[in-house]
Amino acid sequence: MSKIAIVTDSGTSITPKQAEELGIFVAPLQVIIDGTEFQDLITLQPKDIVEALRAKRDIKTSQPNVGFVEDLFHRLKAEGYDHVIVVSLSSVLSGTYQTFRLGAINAEVESMTSIIDTFSICGPCKHAVIVAKRMADEGKSVEEIVHIVNIIAKDSRTYILPDNLEQLIHGGRVKGATALLGTLLKIKLLLKIDHEVPAIEKLDTARTDVKLFQAIVEDMKARGNSPKTHKIYLPNCESADRAEAFKAYLNEKDPGYEFEFIVLPAGVAAHTGFAFGVQPVLKA
């Protein structure tokens with residue numbers, strides 16, 4: 001049986017302790033606050049980014065340090081792993097995918113490394129990592145694992161409900177008419193991320209959360225999501241009350257879903273600001 005390592009980044013929200021328990025490896029995103037660099041979920045915790053957002057400090061992010069990634073690949077090869085499967089944060093939102101590719105080249109492990117772009121963040125990435133690790137432990141082949149992870153990634157869609165657009169505009173993730181709607185007109189926005197369009201896109205607008213919740217549920221049903229086939233991840237940054245409200249709404253309209261709440265890691269919250277997401281993920 002091949003010895004397969006599962007690697008990801010902190011955009012999954014998987015902490016170092018959780019990674020150790022799962023038996024996986026996590027490369028931390030870098031967060032720069034007022035010029036000082038921190039490692040996501042290592043030297044910077046979610047509560048720290050909340051404080052920085054409230055204080056309106058200058059916040060930037062960067063992909064994992066390529067030296068860290070290169071050293072990790074060297075270590076995994078030295079420890080006797082036959083193959084490394086990397087589940088990466090969306091290449092559209094971060095340079096993390098390219099950093100993993102460069103790290104594999106520098107460490108001369110390209111031939112034993114499969115790097116998967118999830119085109120997503122948080123829940124779908126975390127779910128894919130857990131499934132990949134379970135399959136590896138069951139003795140599944142690299143090809144089987146990569147196939148399932150790609151299915152999970154391509155099926156997923158993230159709905160984002162920001163409290164405001166300040167951080168998304170600051171980071172250049174939201175522009176033009178969408179920014180105008182959310183700032184000047186004070187209309188609530190529903191944004192989406194998936195593999196179909198390489199960007200954060202506006203899905204709907206409304207005056208109330210209930211209208212946005214309705215739009216999400218209708219879109220989920222149109223995409224074939226159901227409690228039998230999908231689990232719901234609810235990542236949030238200081239917006240747990242809205243996430244709970246959505247859970248209650250969905251339980252009323254389409255009961256039976258399994259939910260998992262996630263606190264957004266700093267590397268993601270730095271861009272979303274105070275917000276929550278809805279992430280239906282294919283069970284596997």
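FYI, it's all coordinate maths here, none of it is from the lab. Because the structure is predicted, anything quoted here is derived from the model rather than measured. All Cβ positions, even for glycine, are placed from backbone atoms using ideal geometry, and neighbour counts span all protein chains on display.
Some observations on this one:
- Cα-based reach from residue 133 at 26 Å (exclusive), listing lysines while leaving out same-chain residues under 8 positions away: 3, 17, 77, 154, 228, 231, 283
- The Rg/Rh ratio of region 4-155, with Rg taken over Cα atoms and Rh as the Kirkwood radius over Cα pairs, comes to 0.98.
- Gain on full stretching of the segment that runs from residue 36 to residue 75 - 0.36 nm per residue minus C-alpha separation: 11.2 nm
- Ascending count of other beta-carbon atoms within 10 Å, so fewest first, for 12, 158, 96, 43: 43, 158, 96, 12
- Order of 192, 3, 247 - criterion: other Cβ atoms within 10 Å of each residue's Cβ, fewest first: 3, 247, 192
- Relative contact order, percent, region 41-124 [alpha-carbon distance under 8 Å, six or more residues apart]: 31
- Relative contact order (percent, whole number), the chain, Cα cutoff 8 Å, 6+ residue spacing: 22
- The gain in end-to-end length when the residue 141 to residue 218 segment is fully stretched comes to 24.0 nm, 0.36 nm per residue minus the alpha carbon separation.
- Taking every DSSP bridge with both residues inside the chain, close to 60 percent are antiparallel.
- Positive minus negative residues near residue 98 (Lys, Arg vs Asp, Glu; Cβ under 14 Å): -3
- Charged neighbours of residue 51, selected by a Cβ distance under 13 Å, balance to +1 (K, R count +1; D, E count -1).
- Normalising by residue count, the chain has a Cα convex hull of 123 Å³ per residue.
- Taking Cα centre as origin and charging only the Cβ of basic (Lys, Arg, +1) and acidic (Asp, Glu, -1) residues, the dipole magnitude of the chain rounds to 780 debye.
- Residue-count net charge about residue 119 - beta-carbon cut-off 12 Å; Lys, Arg +1, Asp, Glu -1: -1
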